[in-house]
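Peer 1: Starting off with a structure, shown below.
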Amino acid sequence: MANNEQKATMGQVKAIVRRRLRRVEPQEEIGLNIYPMMDMMTILLVFMIMQFAASAASITQSTELQIPISTSQLTHELALNIEVSQTQIVVEGRPVVELRNNGQVDQSQKQGGGAGFLITPLLNEMQQHRDRLKLIAQRNPNRPFRGEVQIIADRRTPFRTLAEIIYTLGQSEFKSIRFVVRKQEG
């Protein structure tokens, strides 16, 4: 060690380190922002679900659900499914209203009692589907909300029950209604 060299004090070392740190520019973090990707995947998922729903109606007939026969040649289009059996009303695979043994809606389930036409649980369910479909339509202008529904009803369903269902659908902005029938063989 030379005579003019002195040991650096701790304060001097810290000052040198601070000067060098000031000269080094902080590096910008480089990463992948996944939020736009998540939004895109959500939209794609909704689109895929809607595409799978557009496939041909797969209806299993039973003693509670017997589809009427028709000679119509119209093809199946994308719509919300409502099944009306002798015991219940099912919207997109989810039971919504239990029917009495004669295929009628219990008056406690209707607004206005026995004389009423509005089925309250069905209205609530359809409003949720309407809001979901309108949200999809807002994000995808190529698929506007049309209020399309297809009713898969048992051929023994009372007319009054069908009228109540159609009225309730109209109140929840579903105005394009089709009935699903079996194609006549032969």
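Peer 1: Out of all the residues in segment 79-126, which are charged (D, E, K, R) and surrounded by 15 or more Cβ atoms within 10 Å (Cβ to Cβ)?
Peer 2: Correct list: Glu83, Lys110, Glu125.
Peer 1: May I pose another question? Can you tell me which residue is farthest from the chain's Cα centre (by Cα) among those in segment 93-115 that are assigned to a loop (DSSP other than H, G, I, E, B) and over 13 Å from Thr161 (Cβ atoms)?
Peer 2: Gly112
Peer 1: Filter segment 138-153 down to residues that are of a type in the set (S, T, N, Q) and outside any loop (DSSP other than H, G, I, E, B) and give me whichever is farthest from Leu169 (Cα to Cα).
Peer 2: Once the filter is applied, the top-ranked residue is Gln138.
Peer 1: Can you find a residue in segment 11-25 that is under 24 Å from Ala137 (Cβ atoms) and modelled with pLDDT of 70 or more?
Peer 2: No: segment 11-25 contains no residue that is under 24 Å from Ala137 (Cβ atoms) and modelled with pLDDT of 70 or more.
Peer 1: Would you confirm whether or not segment 174-182 contains a residue that is modelled with pLDDT of 85 or more, surrounded by 16 or more Cβ atoms within 10 Å (Cβ to Cβ) and not aliphatic (A, V, I, L, M)?
Peer 2: Yes.
Peer 1: For the condition in contact with a helix residue (DSSP H, G or I) (Cβ under 9 Å, 6 or more places away or on another chain), of a type in the set (Gly, Ala, Ser) and at pLDDT below 90, what is the one hit in Gly93, Gly112, Gly116?
Peer 2: Working: Gly93 fails: in contact with a helix residue (DSSP H, G or I) (Cβ under 9 Å, 6 or more places away or on another chain); Gly112 fails: in contact with a helix residue (DSSP H, G or I) (Cβ under 9 Å, 6 or more places away or on another chain).
After applying the criteria, what remains is Gly116.
The values are calculated or read from the model by the stated rules, or taken from the named source; none is laboratory data. Computed from a predicted model, the values in this text were never measured in an experiment. Glycine also receives a Cβ, built like all others from the backbone with ideal geometry; neighbour counts cover every protein chain displayed.
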